[in-house]
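Asker: Got a structure here, written out as structure tokens. Questions coming.
Read the figures in this text as sums done on the coordinates, not as results from a lab. This one's a predicted model, so the numbers in the text were calculated from it and none came from an experiment. Positions of Cβ are backbone-derived with ideal geometry, glycine not excepted, and every protein chain shown enters the neighbour counts.
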Amino acid sequence: MEENKKLAEANQSLETSFLLQRTELGNAYSEVLKAKSRYQELRSKIDAVKAKYAPDTIWALMMTKKCETEEQSKVGASTFYLTPPPAFRI
């Protein structure tokens, strides 16, 4: 019985320290959650930029533009060669 009383008194003496540390732990956990949320925001922005400028995407866009330019060039050349020159007046 005496031993239980000593243990209870020891526990009570540690209670204030425990409560303070529990509060600090709660605050630290809150900061971790904020940091995690900020990390996820930044990560999604980085992923969006990476997807937008991925080498495969850039290559596909360049090849599409190349084909469009070649087609426009062919149309321009056809028009140039098939259109008779204007009559010259002297």
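Asker: Yes or no: residue 87 assigned to a helix (DSSP H, G or I) and free of Cβ contacts under 8 Å to residues at least 60 places away in the same chain?
Answerer: no
Asker: In the range 63-90, how many are among the aliphatic types (A, V, I, L, M) and surrounded by 10 or more Cβ atoms within 10 Å (Cβ to Cβ)?
Answerer: Of the residues in that region, 3 qualify.
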